[in-house]
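Notes for the one structure printed next.
The values are calculated or read from the model by the stated rules, or taken from the named source; none is laboratory data. A quick note: this is a predicted structure, and the numbers were derived from the prediction, not measured. Note: ideal-geometry Cβ built from the backbone for every residue, glycine included; neighbour counts use all protein chains shown. To get the accessible areas, we keep the full protein, side chains included, count just its heavy atoms, and leave off ligands, DNA and RNA. Shrake-Rupley method; radii C 1.70, N 1.55, O 1.52, S 1.80 Å.
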Amino acid sequence: MSAIGFIGIGIMGEGMAARLITEGIAGSEDKPLVIWNRSSEKCTALVEKFPDKNLVVKGTPREVVEACAVTYSMLSTPEASKAVFEMEDDGVLAGVSEGKSIVDCATLAEVDMKRMNDAVVAKGGRFLEAPVSGSKAPAATGALIFLCAGSKDLFKEIENNGLNAMGKASHYFGNEVGRGTRAKLVVNSLMGTMLAAFGEALALSESVGLDPNKMIEIIGQGAIQSPVYALKGPKMIVKDHAPNFPLKHAHKDMALASEMAARAKVEFSVMDRAEELFRSAREDTELNVGDEDFSAIFEKIHKESDSEFSRQR
């Protein structure tokens, strides 16, 4: 069975599936890309984008898994992942049988990944957790970083025949499912904390009369430079928060990381404070930035500031 499955054609999944097509991993006559999404319009749009490729749209996740040896899944939240995986009669698990392989690329709690792994293995399938570091642009350009754990055989099979098309690096943390998730939560909690600190630095710069663009340039020239600062900074100061990585998803990952740190009994006060700031922004109904890019934390920082600049901004 040579078809490749992909479930979840959203902000991330669209770019990832497109990479499988453009890099020749799937979409040919003998190796179709079989897809499903909760809103069928996304599937239709992908088919229309590649009119000369062999894409097959299925009506349920079960049908995708049944038609493919390997199925990738990229869903936005733990709730969506659980619902699609466990959907009665028609979910991912319903399609699993001997020889089927599931590669889940979402960022979930460890317990969620372990539950899915156990269920897939119990039905004779193979499971690889493969959460990704990267957002919309890296997904579209094949620059994601995969953080994997689970079936080593499955990882070896797709490392250079799938993952390499969608990402610039793949890391394997062993057969214990959950380790990939731990790595992803460490990365995303640091990323969110960095952006919160950067936002405060820019807000301070603006409030004391410094040119924020000049400060972004200076920060980019020193040891504290970061691609995320260079990418997000100019947009933040003009209130451009078009979503590449929605704030609500960034906060979800930071909250999971804080819970992981508490269980591990690790001092995490800086990260915890950033998580609280993101939580406050997400829950702020007046700002309403949950669906905007996580750079919108900048709007919460200015809202909580009482400088003349912040009040008049």
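So which of 56, 103, 92, 96 ends up being at pLDDT 95 or above, within 15 Å of residue 8 (Cα to Cα) and over 21 Å from the mean Cα position of the chain (by Cα)?
Working: 103 fails: over 21 Å from the mean Cα position of the chain (by Cα); 92 fails: over 21 Å from the mean Cα position of the chain (by Cα); 96 fails: within 15 Å of residue 8 (Cα to Cα).
The conditions single out 56.
Would you say residue 290 is at positive phi, assigned to a loop (DSSP other than H, G, I, E, B) and open to solvent by 10 Å² or more (accessible area, probe 1.4 Å)? Before you say what the answer is, go through the steps one by one.
Numbers: at positive phi: no; assigned to a loop (DSSP other than H, G, I, E, B): yes; open to solvent by 10 Å² or more (accessible area, probe 1.4 Å): yes.
Criteria not met by residue 290.
Take residue 238 and decide whether it is β-branched (Val, Ile, Thr), in the same structural domain as residue 292 (by the TED database), under 30 Å from residue 101 (Cα atoms) and open to solvent by 30 Å² or more (accessible area, probe 1.4 Å).
The answer is no for residue 238.
Return the total of residues in the range 261-274 being part of a helix (DSSP H, G or I) and either of a type in the set (A, V, I, L, M, F, W, C) or open to solvent by 80 Å² or more (accessible area, probe 1.4 Å) (or both).
The first filter runs over the range 261-274 and keeps only residues part of a helix (DSSP H, G or I), leaving 261-264, 269-274.
So of that shortlist, the ones also either of a type in the set (A, V, I, L, M, F, W, C) or open to solvent by 80 Å² or more (accessible area, probe 1.4 Å) (or both) come out as 261-264, 270-271, 273-274.
Here the count works out to 8.
Across the range 65-110, what is the number of residues that are among the acidic types (Asp, Glu) and on the phi > 0 side of the Ramachandran plot?
Applying the first criterion (among the acidic types (Asp, Glu)) to the range 65-110 yields 66, 79, 86, 88-90, 98, 104, 110.
Adding the requirement that they be on the phi > 0 side of the Ramachandran plot leaves 89.
Number of matching residues: 1.
Only one of these conditions is not met by residue 117: (1) surrounded by fewer than 19 Cβ atoms within 10 Å (Cβ to Cβ); (2) over 19 Å from residue 19 (Cα atoms). Which number is it?
So the condition that residue 117 fails would be (1).
What pairs come out if I take residues in the range 52-68 that are under 19 Å from residue 20 (Cα atoms) and pair them with residues that are open to solvent by 60 Å² or more (accessible area, probe 1.4 Å) whose C-beta lies under 8 Å away, six or more apart or interchain?
54/29; 57/40; 57/44; 61/87; 64/58; 67/1; 67/58; 68/1
Being of a type in the set (D, E, K, R) and part of a loop (DSSP other than H, G, I, E, B) is the filter; apply it to the range 275-287 and report the residue that is least open to solvent (accessible area, probe 1.4 Å).
Only one residue tops the list, namely 284.
Might you check whether a residue that is open to solvent by less than 20 Å² (accessible area, probe 1.4 Å), under 30 Å from residue 179 (Cα atoms) and either outside the structural domain of residue 106 (by the TED database) or modelled with pLDDT of 95 or more (or both) occurs anywhere in the range 196-217?
yes
If you scan the range 139-159, which residues turn out to be in a helix (DSSP H, G or I), of a type outside the set (S, T, N, Q) and open to solvent by 30 Å² or more (accessible area, probe 1.4 Å)?
Step one: filter the range 139-159 for residues in a helix (DSSP H, G or I), giving 139-141, 152-159.
Subset that is of a type outside the set (S, T, N, Q): 139-140, 152-159.
The answer is 140, 152, 153, 156, 157, 159.
Spot the failing condition for residue 304; the list is (1) of a type in the set (Asp, Glu); (2) open to solvent by 40 Å² or more (accessible area, probe 1.4 Å); (3) under 12 Å from residue 247 (Cα atoms), and only one is missed.
(3)
Select from the range 165-223 the residues that are of a type in the set (Asp, Glu) and either closer than 18 Å to residue 235 by Cβ or in contact (Cβ under 8 Å) with a residue 40 or more places away in the chain (or both) and list them in ascending order.
Here is the first cut: in the range 165-223, the ones of a type in the set (Asp, Glu) are 176, 200, 206, 211, 217.
Once the filter is applied, which keeps residues that are of a type in the set (Asp, Glu) and either closer than 18 Å to residue 235 by Cβ or in contact (Cβ under 8 Å) with a residue 40 or more places away in the chain (or both), the range 165-223 yields 200, 206, 211, 217.
Which condition breaks for residue 306 when tested against (1) more than 26 Å from residue 112 (Cβ to Cβ); (2) touching a residue at least 24 places away in the same chain (Cβ under 8 Å)?
(2)
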